[in-house]
Amino acid sequence: MFKNYTINIIPTLVLIVFFSSPLLTFFVDFSWLYLILLIVNFIWFGLSSSLYYHRTLSHKAADLHPLIHLLFLLGGTISLSGSPIDWVVIHRYHHSNSDNENDPHSPLHGRLWSYIGWIILRDRSLVIELKKKYCSDLIKNKLIVFFDKRFMLIAPTLVYNFLLYNIFGWGGVVYGFLLAGLMSYNFHWMLIASFCHNSKFGYRRYNTLDKSFNVPWLSPFSFGESLHNNHHKYPFAFNLKSKPREFDFSFFVIKILEKLKLAKNITIADYKNSNK
């Protein structure tokens with residue numbers, strides 16, 4: 001599996017900066033305004049990953065208004081989630097090879113690999129090769145293709161941090177970008193890959209062919225993404241909650257957007273009448 005993998009330099013540098021951000025809080029004075037900024041941006045970044053990159057782009061579980069598309073494309077870009085097409089390629093490939101030798105981030109290759117290794121090391125030629133096979137729909141979308149360009153992965157982030165610095169000072173950058181980005185990375189990418197497959201931290205409601213697990217205590221922070229066994233049972237459904245004690249914030253938000261006429265054609269799974 002790892003034959004052609006090389007260090008993915010830019011994501012590695014991004015992770016180093018993000019994981020250093022807690023230390024930077026000692027160099028700025030705390031403000032409740034910074035905490036509010038942290039929470040707002042964590043929600044924006046998280047929804048960009050969970051609601052948009054994952055459920056809307058990867059699984060086409062809803063149709064969004066163009067302005068909402070733009071809002072979450074910017075959120076994904078600014079939080080350095082990377083190219084929307086690359087993100088979708090890796091995720092769709094994961095579903096096609098879940099928990100086998102070709103799965104790009106299964107814990108079967110080691111818990112550390114599924115947490116951070118798959119981000120640092122990557123076979124770029126494989127991702128490029130798989131684009132036409134797994135993302136033929138997205139490469140026809142001009143807006144998505146525009147945000148896939150290299151300069152769009154940098155320019156919005158620089159502009160946003162320039163605004164944060166000029167409005168809030170360094171505290172705005174540390175709390176509103178770095179800490180919010182670190183939290184989003186962990187709760188919506190890294191902990192999902194490492195905790196929600198082949199896990200000792202949750203349960204399986206459905207006998208899917210992979211080793212996916214639901215980890216309900218992680219769900220409020222991951223906006224429902226940790227209800228992973230439910231997701232692998234119905235990958236094209238937007239709703240991941242299958243019983244009362246499970247929590248799916250992204251589904252709650254998409255229903256609000258639907259009422260505001262900003263989302264439609266939401267795919268719903270019938271968990272109550274599903275076979276295990």
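The values are calculated or read from the model by the stated rules, or taken from the named source; none is laboratory data. Since we're looking at a predicted model, the values are computed, not measured. Backbone-built Cβ (ideal geometry, glycine too); neighbour counts: all protein chains shown. Note: areas computed on protein heavy atoms with side chains; ligands, DNA, RNA excluded. Shrake-Rupley method; radii C 1.70, N 1.55, O 1.52, S 1.80 Å.
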Largest-first ordering by accessible area, 1.4 Å probe, given options Leu262, Leu182 | Leu262, Leu182
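Given 10 °C and 1.306 mPa s, how large is the Stokes-Einstein diffusion coefficient of the stretch 102-170 in µm²/s, with Rh as the Kirkwood radius over Cα pairs? It would help to have the intermediate numbers written out before the result.
On the way: Rh = 15.1 Å.
Rounded to a whole number, D works out at 105 µm²/s.
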Karplus couplings for the stretch 53-68 from phi (6.51 cos²θ - 1.76 cosθ + 1.60, θ = phi - 60°), rounded to Hz, Gly and Pro as x?
-> 4, 7, 7, 7, 7, 5, 10, 6, 8, 7, 10, 10, 4, x, 5, 6
Whole number in Å², please: accessible area per residue of the chain, 1.4 Å probe, ligands, DNA and RNA not counted.
-> 49
Accessible-area composition of the chain, carbon plus sulfur, in percent [1.4 Å probe] = 67
Among Pro156, Pro22, Ser96, which residue has its Cα positioned farthest towards the positive end of the charge dipole of the chain, with +1 placed on the Cβ of Lys and Arg, -1 on the Cβ of Asp and Glu, and the dipole taken about the Cα centre?
-> Ser96
Efficiency by 1/(1 + (r/R0)^6): what FRET value for Asp63 and Phe27, r their Cβ-Cβ distance, R0 = 41 Å, to the nearest 0.05?
-> 0.40
Length-normalised contact order of the stretch 122-276, Cα under 8 Å, at least 6 apart, in percent, tallies to 13
So what does Leu67 come to for accessible area, using a 1.4 Å probe and Å² rounded to 10?
-> 120
As a Kirkwood estimate from alpha-carbon pairs, the stretch 132-261 has a hydrodynamic radius in angstrom of 17.3
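Mean residue ellipticity at 222 nm from the helices of the chain, using -39,500 (n - 2.57) per DSSP H segment of n ≥ 4 over the full residue count, to the nearest 500 deg cm²/dmol?
Here the helix-only value at 222 nm equals -13000 deg cm²/dmol.
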Please list the non-local residues whose amide H lies under 5 Å from the amide H of Asn8, H modeled 1.01 Å from N, same-chain partners needing a gap of 5 or more.
-> Leu121, Arg122
Diffing the stretch 10-17: the Karplus 3J(HN,Hα) column from phi (6.51, -1.76, 1.60, θ = phi - 60°), in whole Hz with x for Gly and Pro, holds 5, x, 5, 5, 4, 5, 4, 5
Counting Lys and Arg as +1 and Asp and Glu as -1, each charge on the Cβ, what is the dipole of the chain about the Cα centre in debye, to the nearest 20?
-> 680
Under a no-solvent Debye model with one identical scatterer per Cα of the chain, what's log10 I(q)/I(0) at q = 0.08, 0.10, 0.11, 0.15 Å⁻¹?
-> -0.32, -0.50, -0.62, -1.19
Using Cα positions and a limit of under 15 Å, work out the aspartates and glutamates in reach of Lys259, with same-chain residues fewer than 8 apart set aside.
-> Asp63
Using θ = phi - 60° and the Karplus relation 6.51 cos²θ - 1.76 cosθ + 1.60, list the HN-Hα couplings for the stretch 214-223 in order, rounded to whole Hz, with x at every Gly or Pro.
-> 8, 10, x, 5, 8, 4, x, 8, 9, 6
With only Lys, Arg, Asp and Glu charged, each at its Cβ (+1 for the first two, -1 for the last two), find how big the charge dipole of the stretch 195-276 is about the Cα centre; round to the nearest 20 debye.
-> 200
Any idea what diffusion coefficient the stretch 1-142 gets from Stokes-Einstein, in µm²/s, Kirkwood Rh on alpha carbon pairs, 20 °C, 1.002 mPa s?
-> 127
Lysines whose Cα lies under 18 Å from that of Lys272, excluding same-chain neighbours fewer than 8 positions away = Lys233, Lys241, Lys243
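If each residue of separation counts as 0.36 nm, what is the full-extension length gain between Leu126 and Lys255 once their alpha-carbon separation is subtracted?
Values: separation 129, 0.36 × 129 = 46.44 nm, distance 3.63 nm.
Length difference between fully extended and current span is 42.8 nm.
In the neighborhood of Ile128, defined by Cβ-to-Cβ distances under 14 Å, what is the net charge if each Lys or Arg adds +1 and each Asp or Glu adds -1?
+2
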Give the Kirkwood hydrodynamic radius (Å, one decimal) of the stretch 95-209, defined as one over the mean of 1/r across all pairs of different Cα atoms.
-> 17.1
Of Leu262, Ser222, Asn273, which is farthest along the charge dipole of the stretch 205-276 in the positive direction, counting Lys and Arg as +1 and Asp and Glu as -1 at C-beta?
-> Asn273
